[in-house]
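Notes follow once the structure below has been shown.
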Amino acid sequence: MIIIASQNGYVGIEAAMDILKQGGSAVDAVEAGIRCVEANADDHSVGYGGYPNLLGQVELDAALMNGRDLTSGAVGALQGYKHPISVARQVMEKLPHVFLVGKGAARFAAEMGHSSCDLLTGPAREVWEQRLRVDMAALDLTRLTEFPDLWRWVEIATDPEHAAGTTNFIAQDMEGNICAGVSTSGWAWKYPGRLGDSPIVGAGLYADNRYGAATCTGTGEMAIRASTAHSIVFYMKMGLSLTEAGQRAMTDLNDLGGRYISRMNFIVLDREGNHAGFSSSEGGTYIYMTGIMDTPEEKSRLCVPVKERWERG
Ligand code: GLY
């Protein structure tokens, strides 16, 4: 029994482990752990209190994947519901689909009995507004929806202090089943409707009991382009060690062309319960907890540098 998570998973990893200790499934544990992060208003990268898009709307993405049978569920650009990870799980369990977005996802959440709520908290709104006011006349903020060239303001979303975030959980239960889950509010000031890697199976997450699982945080566009989470698991399938697989996937990101290359992090668990974290920058950590531990421990991520470039238009 083991759970690994991104550093912001501290608020949920013990609740998740309690579920595993009581014989619960890896899927139950991942959902429970991520729900705690989604409810944490102090985490501005996930769920309630997340930073909003350019229009001031909080749009949430989440997904989970069951490594037992490769079933998965995802929601994207979901507004008005605090627990996208639970909605994603219901997509997996109740529908023949994998992925719902926008109004369809919100409709489904309501049908599943979730209560709607305003996800934009005062502190998140203040950060959103203060940054826009640096460059926009006060009057303009009330007319954002009418802007004919909203796209020009997306550059604000490149502020690394506020763009980063996301939570990752990977659990392996008593029966050896592995589940991976991801939840995020995505980049602050993103263009409305933008999806990152988090809800995309193969990009932000992948789990297969036979080999292991991987989940990503960082610049989602890069993980989408390189199919990062799937690549890591695929490399393990091809016989690479967990460390070699992570290093190889980071090198793949370094090889990407284009104008926008930034930070990436991932955590990886193999089927034997070995784990590691990787980051393109120094100083990153992740957390883990096994069934015999009373509290989670924090561990350094292996740094595999990616040459960053961000050429503003
Ligand atoms: N990795 C999260 C995002 O890019 O939205």
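Couple of notes before you dig in:
- Just one of (1) within 15 Å of the ligand (Cβ to nearest atom); (2) charged (D, E, K, R); (3) surrounded by fewer than 23 Cβ atoms within 10 Å (Cβ to Cβ) fails for Glu244. It is (1).
- Condition check for Gly73: in contact with a Lys or Arg (Cβ under 9 Å, 6 or more places away or on another chain) and at positive phi: no
- Within region 174-190, if we keep just the residues that are away from the ligand (no atom under 16 Å from the Cβ) and among the aliphatic types (A, V, I, L, M), the residue that is surrounded by the fewest Cβ atoms within 10 Å (Cβ to Cβ) turns out to be Met174.
- Test: Thr251 is within 11 Å of the ligand (Cβ to nearest atom), of a type outside the set (A, V, I, L, M, F, W, C) and under 16 Å from Ser279 (Cα atoms): no
- Single condition Lys237 does not satisfy, out of (1) under 17 Å from Asp69 (Cα atoms); (2) within 10 Å of the ligand (Cβ to nearest atom): (2)
- Cβ-Cβ under 6 Å pairs, at least 6 apart or on other chains, region 215-244 side farther than 22 Å from Ile3 by Cα, far side of a type in the set (Ser, Thr, Tyr): Thr219/Ser262
- For region 294-313, the tally of residues that are loosely packed, with under 13 Cβ neighbours inside 10 Å and either modelled with pLDDT under 95 or assigned to a loop (DSSP other than H, G, I, E, B) (or both) stands at 9.
- Every condition in (1) on the phi > 0 side of the Ramachandran plot; (2) exposed (fewer than 15 other Cβ atoms within 10 Å of the Cβ); (3) not hydroxyl-bearing (Ser, Thr, Tyr) is met by Gly273 except one, and the failing one is (2).
- Selection status of Ala171, within 14 Å of the ligand (Cβ to nearest atom) and either touching a helix residue (DSSP H, G or I) at 6+ places or on another chain (Cβ under 6 Å) or part of a loop (DSSP other than H, G, I, E, B) (or both): no
- Output for region 191-234, where each listed residue is within 13 Å of the ligand (Cβ to nearest atom), farther than 14 Å from Met65 by Cα and in contact with a Phe, Trp or Tyr (Cβ under 9 Å, 6 or more places away or on another chain): Tyr191, Arg194, Gly196, Thr217, Gly218, Thr219, Gly220, Glu221, Met222, Ala223, Thr228
- Filtered by the rule that a residue be of a type outside the set (Lys, Arg), over 12 Å from Pro199 (Cβ atoms) and within 15 Å of the chain's Cα centre (by Cα), region 73-113 gives His83, Ser86.
- Counting only helices (runs of 4 or more DSSP H) wholly contained in region 16-111, the ones carrying 2 or more residues that are surrounded by 18 or more Cβ atoms within 10 Å (Cβ to Cβ), acidic (Asp, Glu) and modelled with pLDDT of 95 or more occupy 26-38.
- Top-ranked residue in region 187-203 [being in a loop (DSSP other than H, G, I, E, B) and hydrophobic (A, V, I, L, M, F, W, C); ranked as nearest to Asp149 (Cα to Cα)]: Trp189
- Region 213-273 holds helices (runs of 4 or more DSSP H) entirely within its bounds, and those carrying 1 or more residues that are at pLDDT below 95 and of a type outside the set (Gly, Ala, Ser) map to 220-226, 242-254.
- Restricting attention to region 86-126, the residues that are under 23 Å from Ser45 (Cα atoms), free of Cβ contacts under 8 Å to residues at least 40 places away in the same chain and basic (Lys, Arg) add up to 1.
The values are calculated or read from the model by the stated rules, or taken from the named source; none is laboratory data. These numbers come from a predicted model, not from an experiment. Using ideal geometry, Cβ is built from the backbone for each residue, glycine included, and neighbour counts are taken over all protein chains shown.
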